[in-house]
Amino acid sequence: MPLLGAAVCSAAAARHSREVVRVELPFETVKTAKLMIVRVTIARKTGDFLFDTGDELTLLDREFAGLPKPKCDKDTAHPDGQSGITTVKWVDVGPMCLEGFCLDKRKVGIAELGFFPRLGRRIDGIIGQDVLREFDEVLINYRTEIVTLRFGGGGERNAKP
């Protein structure tokens with residue numbers, strides 16, 4: 001998924017204009033866990049993220065972020081092989097791109113996500129409500145496996161870009 005320089009813009013700037021922004025984000029449903037996976041690019045690095053409308057915050061895997069492994073602490077270790085969702089610190093990242101639409105700097109939590117046994121695969125991050133609230137509408141079409149994110153247009157509900 002190439003990062004298009006012309007597509008980089010601030011959500012806040014577009015939100016204040018009358019321009020309609022519509023992003024169609026393909027997703028994959030992991031049937032065994034009934035979870036959605038989307039491709040997200042952060043600082044030109046693309047990974048698999050859970051699309052979680054129930055998660056309040058966006059998290060980024062420590063390894064995906066290129067941060068060193070913290071010293072092992074028996075209170076935070078997970079000997080049973082489960083991924084830890086304990087946030088170790090907050091960082092600014094950016095741009096964060098969903099398909100061709102990019103949000104400028106974002107504050108995200110860094111967590112030990114890695115391999116999710118429930119999914120049988122590695123997860124690079126979780127898109128939470130803090131990102132989804134940037135948009136006026138979030139429409140999930142399970143048949144086509146497309147999430148449509150939209151804002152702008154002065155409140156016109158069915159406006160097209």
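The values are calculated or read from the model by the stated rules, or taken from the named source; none is laboratory data. Quick caveat, the model's predicted, so the values are computed rather than measured. Methodologically, a virtual Cβ is constructed for each residue, glycine included, from the backbone with ideal geometry; neighbour enumeration extends over all protein chains shown.
Within segment 124-142, restricting attention to residues that are of a type in the set (D, E, K, R) and not in a strand (DSSP E or B), which residue is nearest to VAL20 (Cα to Cα)?
ASP136
If a residue must be buried (at least 16 other Cβ atoms within 10 Å of the Cβ) and either at pLDDT 90 or above or under 17 Å from THR41 (Cβ atoms) (or both), how many such residues does segment 113-124 contain?
So the count comes out to 3.
Does GLU145 satisfy being modelled with pLDDT of 90 or more, in contact with a strand residue (DSSP E or B) (Cβ under 6 Å, 6 or more places away or on another chain) and within 21 Å of VAL30 (Cα to Cα)? Full working, then the answer.
Details: modelled with pLDDT of 90 or more: yes; in contact with a strand residue (DSSP E or B) (Cβ under 6 Å, 6 or more places away or on another chain): yes; within 21 Å of VAL30 (Cα to Cα): yes.
Here the answer is yes, as GLU145 does meet what is asked.
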